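These notes are about the structure you will find just below.
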Amino acid sequence: MLTIYAIAPSLYCAKLRILLRHKQLAWEEVPPPGGYGSDQYKRLIASGNLPALADGSLTLADSEAIAEYLNELHPDPAMLPGGPAARAKIRELSRFHDTRLEPALRVLFAHIGADKRDAGVQRRQSDALSARLAQLDTMLADRKHAGDTLTLADCGFPISFEWIERLDPILELGITWPDRVVAYRQRLTELPAIATELNAYRPVLDGWLAKAVLGPED
């Protein structure tokens with residue numbers, strides 16, 4: 001059985017669980033030994049990243065690397081199309097999530113608490129996220145059936161969309177959601193692996209946000 005090192009609120013851990021559910025793989029999920037960022041965990045996973053995978057003698061970090069590995073090891077159902085050009089376009093979209101959309105979202109994590117708000121950061125990241133969603137809208141124009149079947153590119157977006165939706169009213173962001181992105185999100189939420197993960201993840205996200213907004217108890 002696969003062992004996955006993860007923490008419940010992690011966006012990238014949820015991204016990996018979508019793939020695991022879609023491929024109907026069995027896995028055991030455990031917290032990082034010593035806690036996230038600990039020296040003990042880094043002795044096991046040098047980068048200290050989450051999620052990480054242990055599969056026999058192999059240890060592997062980074063959700064994208066793990067996804068590619070599992071897709072090769074368990075090719076059915078395929079999550080990359082046939083042909084190098086089509087596969088490259090899927091990888092391009094997946095990298096866009098990990099290197100463009102999610103980083104623009106992550107900047108806000110340090111400013112969720114009521115005592116940590118920064119109006120300038122909120123304005124900048126609202127503009128940045130709306131711009132990234134507009135870019136995604138353009139990229140989706142080349143994928144007429146985006147979200148109809150699950151690919152490696154699709155696993156991260158539904159979780160980031162949940163975060164953006166939850167943070168919008170908390171931080172008064174006023175995010176602009178383009179029509180193609182809205183339609184893409186709706187199609188993704190209807191896929192069984194994503195629907196199952198979202199049902200489990202939403203209460204975790206809401207609980208984490210409630211604590212983050214209030215800040216530590218005295």
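Since every read-out is calculated from the coordinates, none of them should be taken as a lab result. A quick note: this is a predicted structure, and the numbers were derived from the prediction, not measured. Using ideal geometry, Cβ is built from the backbone for each residue, glycine included, and neighbour counts are taken over all protein chains shown.
7 Å from Cα along Cα→Cβ at both V30 and V213: what's the point-to-point distance in nm?
For V30 paired with V213, the spin-label model returns 3.6 nm.
On each of the three principal axes of the Cα atoms of the stretch 84-214, give max minus min coordinate, whole Å, ordered largest first.
Between the extreme Cα coordinates on each principal axis of the stretch 84-214 lie 49, 30, 23 Å.
For the peptides 149-157, 66-74, what is the packing order when you average, over each peptide's residues, the other Cβ atoms within 10 Å and list the highest mean first? Spell out each step's value before the answer.
On the way: 149-157: 23.3, 66-74: 17.3.
In decreasing order of mean packing, 149-157, 66-74 become 149-157, 66-74.
State, in angstrom, two size descriptors of the stretch 5-156 derived from its alpha carbons: Rg to one decimal place and Dmax to the nearest whole number.
Rg, Dmax (Cα atoms, Å): 17.2, 51.
Could you tally up the Lys pairs in the chain with alpha carbons closer than 24 Å? Skip any pair fewer than 8 positions apart unless they're on separate chains.
Lysine pairs satisfying the spacing and distance rule in the chain number 9.
Quick one: which of 23-31, 197-205 comes out on top by average Cβ neighbours within 10 Å, and what's the full order, highest first?
On the way: 23-31: 13.0, 197-205: 15.4.
Ranking the peptides 23-31, 197-205 by packing returns 197-205, 23-31.
Express in whole angstrom the spacing between the alpha-carbon centres of the stretch 135-199 and the stretch 23-60.
27
Enumerate the whole-percent occupancy of each 5 Å bin, from 0 to the last occupied one, for all C-alpha pair distances of the stretch 2-73.
Bin by bin from 0 Å, the calculated values are 3, 18, 31, 28, 13, 5, 1.
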